[in-house]
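The values are calculated or read from the model by the stated rules, or taken from the named source; none is laboratory data. Source: prediction; values computed, not measured. Quick reminder, even Gly has a Cβ in these numbers, built from the backbone with ideal geometry, and neighbours come from all protein chains shown.
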Amino acid sequence: MADNELPLNLREDKVSEETKKLISSLPTDKDFQGNLCKYQGSWYYYNTLQGVINFHNNFQPQETDIILASSPKSGTTWLKALTVALLERSKHHDDHPLLSDNPHALVPFLENNLYLKSSTPDLTKYSSSSPRLFATHMPLHTLKEGLKGSPCKIVFMCRNAKDAGVTFYGPFWDQVLSYWRGSLEDPSRVLFMKYEEMKEEPCVQLKRLAEFLGCPFTEEELESGSVDKVLELCSLRSLSDLEINKSGKNVNGVDYKFYFRKGEVGDWKNHLTPEMESRIDMIIEEKLRGSGLSF
């Protein structure tokens with residue numbers, strides 16, 4: 001397949017000469033989709049690395065920015081939808097942005113969208129509302145380099161490696177631990193959330209997210225059922241039934257419908273053998289030992 005026929009993140013047409021020199025000094029590898037290089041502990045496709053570099057060099061953070069971070073296939077779409085719904089809950093139902101736009105269009109990725117398409121993207125459309133919402137799959141130390149000391153809030157969603165691994169294989173532990181430790185060091189700035197806890201006690205976790213973002217539910221909202229309304233709007237069933245999520249595509253040409261998997265906790269049991277489960281459990285224990293984090 002020609003380079004220009006590939007999804008934007010898998011191409012190499014955006015890579016500058018300076019970044020090519022950087023890549024030549026980095027560990028490299030290949031997967032079934034394309035060339036990879038290891039930068040600051042994480043593996044990136046070459047164009048995506050250029051997006052990271054562009055973000056580092058050119059992003060101008062605002063103190064009110066909110067960054068939603070996650071590993072791929074760890075509840076990213078749900079987290080984006082919930083955050084938009086929380087911040088936009090004063091709008092009438094018919095005018096709600098989630099009814100006409102996919103969560104990934106409303107909360108664009110920094111390195112895989114905005115700074116992948118351009119070294120200096122036009123962010124004015126996101127400046128019309130405060131706070132601005134952005135997303136990332138970068139680990140915390142790489143993200144912070146582009147935030148340049150800004151006190152903006154960061155929300156990280158993680159998921160049990162056995163469930164996340166069913167849909168994505170790649171860097172995981174260093175990223176998860178970077179946000180876990182960041183949340184312990186600065187809990188007013190970094191919120192660490194677990195997908196499993198969101199599924200088990202959605203009302204509690206949604207109110208926790210709202211408090212962290214500075215938009216807590218009022219007593220009147222609690223009495224009128226606003227929490228349940230947000231959860232219903234952002235449910236897998238509701239989002240996957242919307243026309244925009246049935247027919248739309250993201251910047252890389254991926255159908256939005258593929259973002260809506262089963263969303264079940266423990267679905268790994270349908271894919272992993274007991275031997276695979278045991279091995280992953282051993283890795284989890286080894287990687288998280290002494291951190292205080294468990295699944």
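Observations on the structure shown:
- The sole residue among V254, V190 that is modelled with pLDDT of 95 or more and surrounded by 12 or more Cβ atoms within 10 Å (Cβ to Cβ) is V190.
- Qualifying strands (runs of 3 or more DSSP E) (wholly inside the range 14-93; at least 1 residues being closer than 27 Å to D122 by Cα): 35-39, 42-45, 66-70
- Qualifying positions in the range 18-49 - surrounded by fewer than 20 Cβ atoms within 10 Å (Cβ to Cβ), farther than 20 Å from H141 by Cβ and not acidic (D, E): K20, K21, S24, T28, K30, F32, Q33, G34, N35
- A single entry from E88, E111 fulfils the requirement of being surrounded by 15 or more Cβ atoms within 10 Å (Cβ to Cβ), free of Cβ contacts under 8 Å to residues at least 12 places away in the same chain, of a type outside the set (F, W, Y) and within 24 Å of M157 (Cα to Cα): E88.
- The condition (being over 27 Å from R181 (Cβ atoms), more than 13 Å from the chain's Cα centre (by Cα), of a type outside the set (S, T, N, Q) and surrounded by 23 or more Cβ atoms within 10 Å (Cβ to Cβ)) is satisfied by just one residue among L116, L123: L116.
- Of all residues making up the range 99-108, the number that are part of a helix (DSSP H, G or I) and either buried (at least 23 other Cβ atoms within 10 Å of the Cβ) or not aliphatic (A, V, I, L, M) (or both): 2
- Residue in the range 143-159 that is in contact with a Cys (Cβ under 9 Å, 6 or more places away or on another chain), surrounded by 19 or more Cβ atoms within 10 Å (Cβ to Cβ) and touching a residue at least 60 places away in the same chain (Cβ under 8 Å) present: no
- Those residues of the range 138-177 which are in a loop (DSSP other than H, G, I, E, B) and at pLDDT below 70, in sequence order: F168, Y169, G170, P171
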